[in-house]
Amino acid sequence: MSKDIMEAVKLDITLLKKAYLLMLTAKNMADTYEENKAVCSRYVHSTSRGHEAIQLAAAFQLQPYDYASPYYRDDSLLLGIGLQPYELMLQLMAKADDPFSGGRTYYGHPSLRRAGFPTIPHQSSATGMQVIPATGMAHGIAYLEGQGLLKGEEKPVVLCSMGDGAVTEGEVAEAFQMAVLKELPIVYLVQDNDWGISATGKEMRAMDAYEYVAGFKGLERLRVDGSDFAEAYEGMRVAFDYARQVRKPVLVHARCPLLGHHTSGVRREWYRGDNLKQHAQEDPIPKLRQALLDAAITPDEIAQLEQEAIQTVTNDFQRARQAPGPDPATFDTHMFAPTPVTEEKGERSPAGAEKIIMVDAALHAVDDILRTYPEALFYGQDVGGELGGVFREAALLAKKHGDARVFNTPIQEAYIIGSTAGMSAVGAKAIVEIQFADYVWPGMNQLVEELSKSCYLSNGQFPVQTLIRVPIGAYGGGGPYHSGSIESTLLNIRGIKVVFPSNAADMKGLMKAAFLDPNPVIMLEHKGIYWSRVPGTEDAKTIEPDENYILPLGKANIVQQASDEQVSKGNSMALITYGIGVYWAKTASKQFPGSIEIVDLRTLNPLDYETVKAAVERHGKALVLTEEPLLNSFAESLAGRLSRDCFQKLDAPVYTLGAESLPAIPLNVDLEKMMLPNARKVATAIEELLNY
């Protein structure tokens, strides 16, 4: 560290004393947790012991208009922005008044939306997964800034804090790539203590983070001694000034000792040996104490700070222990934020309007959204530029609305999905596309860990508003990587909504509702009915609704009713389906005039179960039809539920029909036909059920 840097920081004695007090506070908190481990280790936690200097240096740069994505051992950082030990302890012991999650998530996992503090959206345990949402925040800030939508003259910056082990994650590379590609205002802080849990740096990586990011051209980088507050502060000041003024990304690599346990569940004495003594020599607290003495702070003043920290922690710990736990009756609140769209509005079939195919209905809906909501943007692979999507589902949108609003991304499904959590946190409203359903798997980590849990684990503070478009399904020779159906997997992820329209009018109305919903919504768009070219799918082409048409999620549609005559004879049944299944059902039902009531689910979550149940009870017989492989599917689950709830009204078992349970759809069209349902197979199932 240069003499100039030292002198510049030493001038601010108040800052040094504040840092020392907070370091001692963090240390006393860690010590208190250890001394009371019978109470404190009921729930796993980690502390910042050894990392205090760099965390406080970073915290002191954050402004109330900034955003932060902390690391799971960043309790010193949280103290540095002004949170009280008592608040952190409420989370430690999972108390009702835990301000971050109401007792739902781990210590050191904040969710904070409070005046005078930087915004901290919900995130997972920060072992790499948080870097994409954090970069999405910076991406959203850059977008809003470029569109003139940010209020005031402040220049927000995102701080993304992580451990050195996280940098080896592939998702981190995706985030770094986008940060430099889009020139985003973000500071990546890597706290390198050379340990994972029990694995050391030499076991886990070929190079440290500073060396690694040299390959990302445009990502500035610097090293600091993370145990020296003066050097750490100056390094973070430089990094924040760069991101705030130049509006480009920067990475700070900070070497730190690890003085505490990895977590309370993995104790240091099990594996550290002499290494712990070596790390203790770099303890930031004695270093800062000496700096205070060198700055003519008397031992008595230092002792007073030490006593203040002890007293604060002691008092706060006792208060936190006595605080009430959450009301068990609230365990299921905040799975979703309330949606403003609860009624069908607008003209579904306006006079004089022409018929439209589904792919154009989706295109027009997104066009309307972009024109109406300047905070909306649309991105994904090949949706921008001249092509406008491999199905032309985004044709001309980039030309109409500009390359800043409609643009191509790299092949990065994790970034495409995960960045929307960050976008939502800063007020940008992202519509994104995964090119094929079979490509969604690299993005599942983000969908599960970041998007789906955010509203629930932040106690309702941070629902993630995002609309994810996913072309899905087989359409004749698409083969194993372009034909799959994935709805059952998605429906096993709690906290997301899944929509599956079967015609153009529904597509347009549901797309609008999905965009306005404050929760993550996945719109599954069947490629086989995009253009109504497949024989039997002509009804997917409908009159185009007007621009104001909105169709609420969670409302099934009875697209075909059985006749009273056949119902009275006991010769009727309910056929429950969605997507292209509607058209297999319609075609097959022609062989059984008046006997088949067809229920189009339209939304798979939330499910309009009351409409489905009523249809089954009305007829006493039911078939649930899907394109998915049937074994362990959503269709089987729904059938099982109906069998239980409608048992007294059933005249036959609830039947199911779907694809054969194979790992992929074969390329050859004849093999594909053997695997998938079709109208003929549906007719066979109907006949068997009616004759049961």
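So how do Asp670, Asp564 rank on accessible area, 1.4 Å probe, biggest first, that is with the largest at the start?
Numbers: Asp670 95, Asp564 130 Å².
So, going from the largest accessible area down, we get Asp564, Asp670.
Within the range 452-494, name every residue whose backbone N is under 18 Å away from a label modeled 7 Å from Cα of Ala96 along the Cβ vector.
459-460
Under a 5 Å amide H to amide H cut-off, with H placed in plane at 1.01 Å, what residues pair with Thr542 once short-range neighbours are removed?
Amide H neighbours of Thr542: Ile356, Ala504, Ala505.
Would you mind working out the magnitude of the charge dipole of the range 256-371 relative to its Cα centre, with +1 at each Lys and Arg C-beta and -1 at each Asp and Glu C-beta, to the nearest 20 Debye? Don't skip to the end; give the middle numbers.
Values: 12 positive and 19 negative charges, 86 e Å.
That gives the range 256-371 a dipole magnitude of about 420 debye.
Loop only per DSSP, at most 14 neighbouring Cβ atoms within 10 Å: give me the chymotrypsin sites (Phe, Trp or Tyr not before Pro) in the range 419-499, ordered by residue number. Don't skip to the end; give the middle numbers.
On the way: sites: Phe436, Tyr439, Tyr456, Tyr475, Tyr481; in loops: Phe436, Tyr475, Tyr481.
For chymotrypsin sites (Phe, Trp or Tyr not before Pro) across the range 419-499 that sit outside H, G, I, E and B with at most 14 neighbouring Cβ atoms in 10 Å, the list reads Tyr481.
Multiplying the sequence separation of Ser125 and Asn408 by 0.36 nm and subtracting their Cα-Cα distance, what value in nm do you get? Kindly include the intermediate steps, with their values, before the conclusion.
Values: separation 283, 0.36 × 283 = 101.88 nm, distance 2.96 nm.
So the chain would gain 98.9 nm between Ser125 and Asn408.
Report the semi-axes of the equivalent ellipsoid for the chain in whole Å, largest first, where each axis is √(5λ) for an eigenvalue λ of the Cα gyration tensor.
Working: eigenvalues 588, 146, 92 Å².
Gyration-tensor ellipsoid for the chain: 54, 27, 21 Å.
Please give me the summed charge of the neighbours of Val612: other residues whose Cβ is under 15 Å from its Cβ, Lys and Arg +1, Asp and Glu -1.
Working: positive: Lys555, Arg602, Lys613, Arg618, Lys621, Arg641, Arg644, Lys649; negative: Glu597, Asp600, Asp608, Glu610, Glu617, Glu636, Asp645.
With Lys, Arg at +1 and Asp, Glu at -1, the net is +1.
List the aspartates and glutamates whose Cα sits under 15 Å from the Cα of Lys151, skipping any in the same chain fewer than 8 residues away.
Candidates past the 8-residue exclusion: Asp66, Glu375.
What does the charge dipole of the chain about its Cα centre add up to, to the nearest 20 debye, if the Cβ of each Lys and Arg holds +1 and the Cβ of each Asp and Glu holds -1?
Values: 66 positive and 87 negative charges, 100 e Å.
Using Cβ point charges on Lys, Arg, Asp and Glu, the chain gives about 480 debye.
What are the ³J(HN,Hα) couplings of the range 387-402, residue after residue, when phi is run through the Karplus curve with 6.51, -1.76, 1.60 and θ = phi - 60°? Round to Hz, x for glycine and proline.
Values, residue by residue: 5, x, x, 5, 10, 6, 6, 10, 4, 6, 5, 5, 5, 6, 10, x Hz.
Once the piece of chain linking Tyr481 and Ala38 is laid out straight, how much longer is it, given 0.36 nm per residue of separation minus the C-alpha distance between them? Walk me through the numbers before you get to the answer.
Working: separation 443, 0.36 × 443 = 159.48 nm, distance 5.19 nm.
Value of the extension gain: 154.3 nm.
Search the structure for amide H atoms under 5 Å from the amide H of Val406, placed 1.01 Å from N in the peptide plane, and list their residues when 5 or more places away or on another chain.
Long-range HN contacts for Val406: Phe378.
Return the tail of the calculated pair distribution for the range 42-164, meaning the percent of Cα-Cα pairs more than 22 Å apart.
Values: 2467 of 7503 pairs.
Percent of Cα pairs beyond 22 Å in the range 42-164: 33.
Calculate the length of the line joining the C-alpha centroid of the range 193-208 to that of the range 446-503, in whole Å.
35
May I have the convex hull volume per residue, in Å³, for the Cα set of the range 627-692?
Each residue corresponds to 77 Å³ of Cα convex hull volume.
At 0.36 nm per residue, minus the direct Cα-Cα distance, what do Val180 and Arg641 gain on full extension? Give it in nm, one decimal, please. Kindly include the intermediate steps, with their values, before the conclusion.
Numbers: separation 461, 0.36 × 461 = 165.96 nm, distance 4.97 nm.
Once the chain is fully extended between Val180 and Arg641, it gains 161.0 nm.
For the range 467-615, what does the alpha-carbon gyration tensor say about shape, rounded, prolate or oblate, given a ≥ b ≥ c as the root eigenvalues, a/c under 1.5 as rounded, and a/b over b/c as prolate? Present the calculation step by step, with values, prior to reporting the outcome.
Values: a/c = 1.64, a/b = 1.36, b/c = 1.20.
It is prolate, given that a/c is not under 1.5 and a/b is the larger ratio.
Amide H neighbours of Gly554 under 5 Å, at least 5 residues apart or on other chains, H built in the peptide plane: list them.
It is Thr603, by chain and number.
Taking the Cα centre of the range 1-148 as origin and charging only Cβ (+1 Lys, Arg; -1 Asp, Glu), how large is the dipole, in debye to the nearest 20?
Details: 13 positive and 14 negative charges, 44 e Å.
Once rounded to the nearest 20, the dipole reads 220 debye.
So which trypsin sites (Lys or Arg not before Pro) in the range 125-215 pass both tests, a DSSP loop state and at most 15 other Cβ atoms within 10 Å of the Cβ? Can you show the working numbers first?
On the way: sites: Lys151, Lys182, Lys202, Arg205; in loops: Lys151, Arg205.
Here the sparse-neighbourhood loop sites are Lys151.
Have a look at Ala280, Ala337, Gln304 and report the one farthest towards the positive end of the charge dipole of the range 273-338, computed about the Cα centre with Cβ charges (Lys/Arg +1, Asp/Glu -1).
In the range 273-338, that residue is Ala337.
Shape verdict for the range 268-353, please, from the Cα gyration tensor: rounded (a/c under 1.5), prolate (a/b greater than b/c) or oblate. Write out the running numbers ahead of the final one.
On the way: a/c = 2.81, a/b = 2.61, b/c = 1.08.
It comes out prolate by the Cα gyration axes.
Given the rule -39500 (n - 2.57) for each run of at least 4 DSSP H residues, summed and divided by the residues of the chain, what is its mean residue ellipticity at 222 nm, to the nearest 500 deg cm²/dmol? Walk me through the numbers on the way to the answer.
Numbers: 26 runs with 265 residues, N = 692.
Computed ellipticity for the chain at 222 nm equals -11500 deg cm²/dmol.
Scanning the chain for helices, which whole DSSP H stretches are 27 Å or more long along the axis (Cα) and average 0.0 or more by Kyte-Doolittle?
On the way: long enough: 13-35 (32 Å, 0.10); 299-322 (35 Å, -1.05).
Within the chain the helices that satisfy the rule are 13-35.
Write out the GluC sites (Glu not before Pro) in the range 354-389 meeting two conditions: DSSP loop, and at most 11 other Cβ atoms within 10 Å of their Cβ. Don't skip to the answer; put the middle values down first.
Working: sites: Glu354, Glu375, Glu386; in loops: Glu354, Glu375, Glu386.
Loop-located and lightly packed - Glu354, Glu386.
Please work out whether the range 564-657 counts as rounded, prolate or oblate from its C-alpha gyration tensor, where a ≥ b ≥ c are the square roots of the eigenvalues and a/c under 1.5 means rounded, while otherwise a/b larger than b/c means prolate and anything else oblate?
Details: a/c = 1.68, a/b = 1.18, b/c = 1.42.
Note, shape of the range 564-657 comes out oblate.
Beyond 29 Å between alpha-carbons counts as too far, so tell me which of Lys182/Lys400; Lys541/Lys673; Lys95/Lys613; Lys429/Lys555; Lys182/Lys287; Lys508/Lys681 fall in that bin.
Lys95/Lys613; Lys182/Lys287; Lys508/Lys681
Have a look at Ile576, Leu631, Phe407 and report the one farthest towards the positive end of the charge dipole of the chain, computed about the Cα centre with Cβ charges (Lys/Arg +1, Asp/Glu -1).
Ile576
The values are calculated or read from the model by the stated rules, or taken from the named source; none is laboratory data. Please read all numbers here as calculations on a predicted model, not as lab measurements. Positions of Cβ are backbone-derived with ideal geometry, glycine not excepted, and every protein chain shown enters the neighbour counts. These area figures cover heavy atoms from the full protein model, side chains too; ligands, DNA and RNA do not enter into them. Shrake-Rupley method; radii C 1.70, N 1.55, O 1.52, S 1.80 Å.
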